[in-house]
Amino acid sequence: MARGANATESGLIHHGGLTAAGADMIEEAFGPLARDDAPREEVTEALRSLRLTGDDVRDCEPFHRGHRVRCELARTKAWVLLAILWDNTTTPIHDHCESECGFRILEGEVLETRFRCEGDQASPAGGRVLLPGEFVTTPGCTVHQLSVSGRAISIHAYAPALCLDDMQVFERA
Ligand SMILES: [Fe+2]
């Protein structure tokens with residue numbers, strides 16, 4: 001078991017920095033999905049129903065200026081649930097191909113830019129500011145970039161569990 005992690009009744013492993021209320025909410029929403037064949041659609045719906053707040057995950061990891069800090073909240077072989085703590089940072093232009101289910105902003109503002117691609121060259125196709133409470137899905141091989149001025153907290157589910165080395169990165173055209 002990872003350092004600082006706790007196991008719940010269903011066998012989910014969750015981060016020790018979560019509040020008790022946060023751990024209970026994850027158990028309720030994701031406990032039924034603690035199996036290797038959990039379908040992506042159910043993982044998406046579990047994330048959509050999850051009512052975590054920034055306060056529930058704030059102590060999982062410290063903010064790190066200029067970076068996004070990932071905090072694994074729960075994982076099975078089929079999916080992973082992450083919190084990301086953002087502090088004045090921008091992701092590469094990237095996709096998750098078959099792996100992204102969705103994400104929700106808990107605190108702060110996140111600018112999402114989506115791209116059209118030719119080969120590894122990406123051209124901006126639209127942008128929007130995502131506010132606390134907003135839930136976003138990225139169908140198919142959506143290519144996007146997320147940018148935060150100041151601080152923000154978001155939660156993300158990936159099924160199959162994302163291998164960050166598999167994430168494809170694009171150049172801005
Ligand atoms: Fe992404």
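The values are calculated or read from the model by the stated rules, or taken from the named source; none is laboratory data. All values derive from a computational prediction rather than experimental measurement. All Cβ positions, even for glycine, are placed from backbone atoms using ideal geometry, and neighbour counts span all protein chains on display.
Note on the stretch 21-59: residues that are in a loop (DSSP other than H, G, I, E, B) and more than 17 Å from Ala83 (Cβ to Cβ) total 6.
Scanning the stretch 26-44 for residues that are free of Cβ contacts under 8 Å to residues at least 40 places away in the same chain, more than 14 Å from Ala157 (Cα to Cα) and surrounded by fewer than 16 Cβ atoms within 10 Å (Cβ to Cβ) yields Glu28, Pro32. For the stretch 72-173, the strands (runs of 3 or more DSSP E) that sit wholly inside it and include 1 or more residues that are more than 13 Å from the ligand (Cβ to nearest atom), within 24 Å of Thr19 (Cα to Cα) and not polar (S, T, N, Q) are 80-90, 100-107, 143-158. Only one entry in Arg70, Arg58, Arg65 is under 24 Å from Ala38 (Cβ atoms) and either out of contact with any Pro (no Cβ under 7 Å at 6 or more places or on another chain) or not β-branched (Val, Ile, Thr) (or both), namely Arg70.
Of the numbered conditions (1) modelled with pLDDT of 85 or more; (2) crowded, with 16+ Cβ neighbours inside 10 Å, Gly133 fails exactly one; give the number of that condition. With respect to (1) modelled with pLDDT of 85 or more; (2) crowded, with 16+ Cβ neighbours inside 10 Å, Gly133 is out only on (2).
Within the stretch 97-129, the residues that satisfy the criterion of being buried (at least 20 other Cβ atoms within 10 Å of the Cβ) and within 22 Å of Arg172 (Cα to Cα) are Glu100, Val110, Glu112, Phe115, Ala122.
None of Thr76, Thr53, Thr90 is of a type in the set (Ser, Thr, Tyr) and buried (at least 18 other Cβ atoms within 10 Å of the Cβ) except Thr76.
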